[in-house]
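Let me begin by presenting the structure, written as structure tokens, before commenting on it.
The values are calculated or read from the model by the stated rules, or taken from the named source; none is laboratory data. Quantities reported herein were computed from a predicted structural model and do not represent experimental measurements. When we count neighbours, we look across all protein chains shown, and the Cβ atoms used for this are built from the backbone with ideal geometry, even at glycine.
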């Protein structure tokens, strides 16, 4: 598939002037989408890829020759900050559209739990509309729909307006989405099957008539994998039994008061109670199975081990008395059990806040195992990492989910500053090479504003790590002492983060304030840490300690040049595990040995560094120095995983100090 050349239409572009890189991306987007194809764009931070993608997608939706009906655009992003950027960009587009061309309409939506004040899980209803009478409810929803289509509005506005007017902003946004040109939402609305089936049809959106824009698309494979990741322990069966017994007792009490014969729901609950009692019995197959796996894992002297989905299903079948030799009956019994588990309703006040329904958790695990029982794309992993035997499902191949979706839509733009190399993502996501264009776009930003230093004397490689730790500390100190402003230090793991951070605090290297990332930090805590960067910038600055692949190295926009230096320590290769072994084995069979290592281990590690070093430069005028403390980045096979950039070697901490000092004197 080719790309367009020459002048392009910028009628739907949000700004008066177009950068060369944007012009190139818009031309490629229009050309590819008009043929129902896919553009995989590795577009650096600051290129203006949101404006370019929207311009080409809107133009293609008008010009598309594949259908008489205009395509709907679904813009997917995992961050609410990006939602606002999309809304603001479409508002700006509307100011640029000439008279006679309709303005672009947009609906912005997030998950129900983020838009509704309270949702009753037993009824599926929210309390947003209180006791509003039907006629008033319809009028108020109609008024909100009209306002949503009058002008692009951020979801925060919709939530505030809905709560002021006692209207459910989530339900109203869903009913309005089908009438808008663009829907802004999370990946889950398209790439998680159950959510897609329960949301797009209700919105009046047909996937076959959509153009998909996927922001931060380097995250998509793992987001798809996480959609099928479930974890259960032996205790889940016991807790599920308690939930079923409570549910059954309430049904019995209700039906006794009504003086009616046992309902089908009650009969199912009684049957399910019997199954779960059989499962947790001390001599049941599942109980013995868990004990056997604990012993096997101890003998192997590993942290975890791989299992087959069919093995787990067979043990469940034996425990509930199903004949595993009778394939049809075996599957039918488990399917019935899944349905019964899904129907169990637990009162919210009886469950701990944020705790999942164990019946649902168990049902989803069984359903995933059943769906992928004969597929090598799913791996089960058994471990005792938290001193309790547990089983986790891992989807190895995201293309089994994404391939059919991309094959069903009317084209897509996948973009990210670290969608590198784009050909890798095309293969991993199952996008046809014949209908895709993989492109790396250059940045218009001055290279000298972000010099990259690579230390040749340190590494996080396990066999050499101990010898490198003192030198890593000296490099870090050299950067901190010579940086005017804020410094971010990103380590490859929490354990190394703790080590570098403790040495820093113990030796008292700097008067700068120290803040450190913690595992499972709340959104409020992250926002507070970012605010500290702004507050302390003129008072000596801050040293921010975080981890590569963490919230601070990927999920935050550092605006106003708030970061002046970034240090990335090591190469965060995934540690050995049963899941990683399964992924390497699967990719070796699907691709080849070299690509398997690159796709499963090396490239994701390099891309996490690329994400971190892209944090400080958000616009053309920004300046920051980057120091990468990992000599393996100078090896050819690792360097080939990185896009072309200015690279400068620094062999010892004194040279790092000189170069950082010189940068801030310019």
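Can you work out which of the residues in segment 217-236 that are under 18 Å from residue 403 (Cα atoms) and not in a helix (DSSP H, G or I) is farthest from the chain's Cα centre (by Cα)? Selected residue: 228. Every condition in (1) surrounded by 13 or more Cβ atoms within 10 Å (Cβ to Cβ); (2) within 27 Å of residue 463 (Cα to Cα) is met by residue 636 except one, and the failing one is (1). Applying the set (1) under 22 Å from residue 114 (Cα atoms); (2) assigned to a helix (DSSP H, G or I); (3) within 22 Å of the chain's Cα centre (by Cα) to residue 176 leaves exactly one unmet item: (3).
Within segment 130-152, the set of residues being touching a helix residue (DSSP H, G or I) at 6+ places or on another chain (Cβ under 6 Å) and farther than 27 Å from residue 95 by Cβ comprises 140, 141. One residue stands out in segment 520-572 among those that are without any contact (Cβ under 8 Å) to a residue 40 or more places away in the chain and under 30 Å from residue 601 (Cα atoms): the one that is surrounded by the fewest Cβ atoms within 10 Å (Cβ to Cβ), namely 520.
For segment 576-597, residues that are farther than 15 Å from residue 397 by Cα and in contact (Cβ under 8 Å) with a residue 12 or more places away in the chain total 2. Entry remark, segment 87-116: residues being part of a helix (DSSP H, G or I) and out of contact with any helix residue (DSSP H, G or I) (no Cβ under 6 Å at 6 or more places or on another chain) number 11 in total. If you go through segment 303-320 and pick out every residue that is surrounded by 15 or more Cβ atoms within 10 Å (Cβ to Cβ) and under 13 Å from residue 383 (Cα atoms), you end up with 4. Residue 80 fulfils the conditions (1) loosely packed, with under 12 Cβ neighbours inside 10 Å; (2) in contact (Cβ under 8 Å) with a residue 24 or more places away in the chain except for a single criterion, (1). In this structure, residue 259 does satisfy being at positive phi, at pLDDT below 95 and exposed (fewer than 14 other Cβ atoms within 10 Å of the Cβ).
Restricted to segment 410-466, the set of strands (runs of 3 or more DSSP E) holding at least 3 residues that are at pLDDT 90 or above, surrounded by fewer than 22 Cβ atoms within 10 Å (Cβ to Cβ) and under 25 Å from the mean Cα position of the chain (by Cα) comprises 436-440. Does segment 574-595 contain any residue that is crowded, with 18+ Cβ neighbours inside 10 Å and assigned to a strand (DSSP E or B)? No, segment 574-595 has no match at all.
Out of 654, 608, 601, one residue alone is in contact with a helix residue (DSSP H, G or I) (Cβ under 9 Å, 6 or more places away or on another chain), in a helix (DSSP H, G or I), crowded, with 18+ Cβ neighbours inside 10 Å and at pLDDT 90 or above. It is 608.
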